[in-house]
Structure formats: C-alpha cells, structure tokens
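Participant: Have a look at this one before I ask anything.
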Amino acid sequence: ILGGSFLFDDRNATLLLEGLQSRIIIPGNKPYAASVMGTLLLLDKKSREFHIGAPLVSGRLGDILLVQALRAHVASDATIGWLGAIGHPKLNAALRLIHGEVERDWTVGELTKMTGMPRSDFDRKFRERSGMPPMVYLTRWRMRLAREALLRNDATLAIIATSVGYSSESAFGHTFQRWLGCSPKR
C-alpha cells in the first residue's frame, strides 16, 4: 500500500476539489490506467531507495500521479465543476477565453459563437459539466480573482473592480457582498 497527501492553498482548493468524489477509481482497461500504473510502480520502487534525492524524486512522482489521476477522472466524464468543464474541448476553449479576458463583458452568445457550439448545446453542456450556468461561473471566477487581489492588497478597489469586469465600484461591491458575504473593504 502506498499512501500520500497533498497540501493546497485553502483559498483555491475548492476550485480543484469541488468536483471530486472522495475516491477516484481508474479501471485497468481505461486509456490512462497504464500511465498511472507505471507511475505507481516507479513511485513504489523509489520510495524504497535510499539514494541521494530519493525523497525529492518520490515527491515529484506523487505530483505526477495526482495529475494523471485527475486526467483519468476528467476523461471519465464523471467530474463536475471546473475540472468537468475543462475535460470538454469546446467548454475548455470557453474557459480559456473567460480566464484570458475576465474583464470583458462576456455573453453566452459570444462564447457560443467563439466556440462553434449552438447556444442551447453550450448552455446545457456547461451546466452539466461545470454544475452551474456560464455567467454564474464567470461571476464566481471574477470574485475569486478579486478576493485574491484584495488579500494581496496590491491595487485600489477601483482598479480591482475594473480588472474583473465592473465599470463601477458600487456594482462590484454589491456583487462581492452577495457572493462572499462581506464588503470588499472588509
């Protein structure tokens, strides 16, 4: 039995972990199973060695194993949340657009046009895979970025509001309060 753990920044862990069950089962006949098994075997071997750098190698192999397990899980179409959406090629493209220009005044129509999906298919697939409507995802992402910027205290409220797509501090403040339960200044 091999065991391990991963530490995530509490502020960002939910983005990754929200769509995961407590266990990820990777059937041996699935495409990612061979690479996961190869990494497990190598990790087992390296964890028994007492050579220079063995703990470092084992740690990096653990990181690789996590990525491989997440890829396998996303490929199974069983994932909800951010991971579920990035597992779908056209939704992944929409997420890259949103994340690349978070300040843009996005609409579902623009995203469907840019991803080449019919609007009804896009909206339905986005909800199924991410667990929320596209514009809710956008607002949630904006609030996550704004929270991080406020915690770093590296810009004024007006600059942060503009950087996440709000033309006024007031509109930004109301949305922030609604989503995070406190004012941006607090």
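The values are calculated or read from the model by the stated rules, or taken from the named source; none is laboratory data. Just so it is clear, the structure is predicted and the values come from calculations on it, not from any experiment. Glycine gets a Cβ as well: all are built from the backbone with ideal geometry, and neighbour counts include every protein chain shown. For accessibility, only protein heavy atoms count, side chains too; no ligands or nucleic acids. Shrake-Rupley method; radii C 1.70, N 1.55, O 1.52, S 1.80 Å.
Participant: In region 50-82, which residues are within 30 Å of Pro133 (Cβ to Cβ), part of a helix (DSSP H, G or I) and charged (D, E, K, R)?
Facilitator: Pass one, region 50-82, residues within 30 Å of Pro133 (Cβ to Cβ): 66-67, 69-82.
From what is left, the residues that are part of a helix (DSSP H, G or I) are 66-67, 69-75, 82.
The one that is within 30 Å of Pro133 (Cβ to Cβ), part of a helix (DSSP H, G or I) and charged (D, E, K, R): Arg71.
Participant: Could you figure out which of (1) touching a residue at least 40 places away in the same chain (Cβ under 8 Å); (2) farther than 17 Å from Leu20 by Cα; (3) open to solvent by 30 Å² or more (accessible area, probe 1.4 Å) isn't true of Arg60?
Facilitator: (1)
Participant: Further, regarding this structure: Name every residue in region 97-135 that is of a type in the set (Asp, Glu) and closer than 23 Å to Val164 by Cβ, in order of residue number. Give the derivation first.
Facilitator: Step one: of region 97-135, the residues of a type in the set (Asp, Glu) are 101, 103, 105, 110, 121, 123, 128.
Glu101, Glu103, Asp105, Glu110, Asp123, listed by residue number.
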